[in-house]
Amino acid sequence: MSPVSRGFHHRPSAPGGDAGRVPPGQHVTNDFPVLSAGPTPRTPLADWTFSLTRGGATEKSWTWAEFQALPAETVTVDIHCVTRWTKLGTRWRGVPVETLLSDVAPVTPYVMAFSDGGYTTNLPVADLTGGKAWVAYDFDGGPLAPEHGGPARLLVPHLYFWKSAKWVRGLDLRDENTPGFWENYGYNLYGDPWKEQRYAGD
């Protein structure tokens, strides 16, 4: 199966007052579709860590217990998948990315998020700070399920959801904006749903 499929079909967008919350080309779903590039990793919490790395070296790392002890926030956000579904009013709890980055200096302009299973995605640091992104471990009041990226996933709701890396294990600090997994297969380097930045050149 090709990693990139352009066989998307438009369906009606949100009714009434929700229309302004739905980017162009999206349709609202009450479901939470499961889309993955490979099998679902299942890392025991005793073996789980989250790390900040740079140039092949680890600058900061947290165990699961240490991560749970960090200041966390509960947020309600809309999420938008590149496959054209939007889910409104999703509730998450997690650690703000800017809290994690406060432990390293200097902070680079970009990061590469990396995950169990080998998944990666590139992001500007400006899109991870200022209350824009979290490492989330709770969804809708309970532990985040493995099929949705648990035990923890990146949550960057203002970008297409492939940027919210499932099973995230860390951020690699980088000076240049290099493409990650889907970006190497032709997805847009940035992924703004309001500009329909699905593919390179959009």
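The values are calculated or read from the model by the stated rules, or taken from the named source; none is laboratory data. Just so it is clear, the structure is predicted and the values come from calculations on it, not from any experiment. Neighbour counts run over all protein chains shown; Cβ positions are idealised from the backbone, glycine included.
Data for the structure
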item	result
Yes/no for Gly117 being more than 13 Å from the chain's Cα centre (by Cα) and modelled with pLDDT under 95	yes
Single residue of the stretch 40-57 satisfying the filter (touching a residue at least 24 places away in the same chain (Cβ under 8 Å) and assigned to a strand (DSSP E or B)) that is farthest from Asp172 (Cα to Cα)	Thr49
Single residue of Leu88, Leu155, Leu189 found to be closer than 18 Å to Trp62 by Cβ and at pLDDT 95 or above	Leu155
Criterion (among the aliphatic types (A, V, I, L, M), farther than 14 Å from Leu52 by Cβ and within 14 Å of the chain's Cα centre (by Cα)) met by exactly one of Leu123, Leu128, Leu88, Leu155	Leu155
Candidate set from the stretch 133-160 (those that are over 30 Å from Ala105 (Cβ atoms) and either acidic (Asp, Glu) or in contact with a Leu (Cβ under 9 Å, 6 or more places away or on another chain) (or both)); member that is surrounded by the most Cβ atoms within 10 Å (Cβ to Cβ)	Gly150
Selection status of Asp172, of a type in the set (Asp, Glu) and surrounded by 15 or more Cβ atoms within 10 Å (Cβ to Cβ)	yes
Spans of strands (runs of 3 or more DSSP E) in the stretch 132-193 with at least 2 residues closer than 15 Å to Pro41 by Cβ	153-155, 168-174
Every pair of residues 6+ apart whose Cβ atoms lie under 7 Å, when the first sits in the stretch 70-83 and is farther than 14 Å from Asn188 by Cβ while the second is assigned to a loop (DSSP other than H, G, I, E, B) and at pLDDT 95 or above	Val77/Pro157; Asp78/Pro157; Ile79/Pro157
Residue count for the stretch 1-32, restricted to those that are surrounded by 12 or more Cβ atoms within 10 Å (Cβ to Cβ), closer than 22 Å to Arg91 by Cα and at pLDDT 85 or above	8
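Yes/no per residue for (1) in a strand (DSSP E or B); (2) of a type in the set (Phe, Trp, Tyr); (3) without any contact (Cβ under 8 Å) to a residue 24 or more places away in the chain; (4) in contact with a helix residue (DSSP H, G or I) (Cβ under 8 Å, 6 or more places away or on another chain):
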| site | (1), (2), (3), (4) |
| --- | --- |
| Lys87 | yes, no, no, no |
| Val95 | yes, no, no, yes |
| Thr99 | no, no, no, no |
| Val104 | no, no, no, no |
| Thr108 | no, no, no, yes |
| Val111 | yes, no, no, yes |
| Phe114 | yes, yes, no, no |
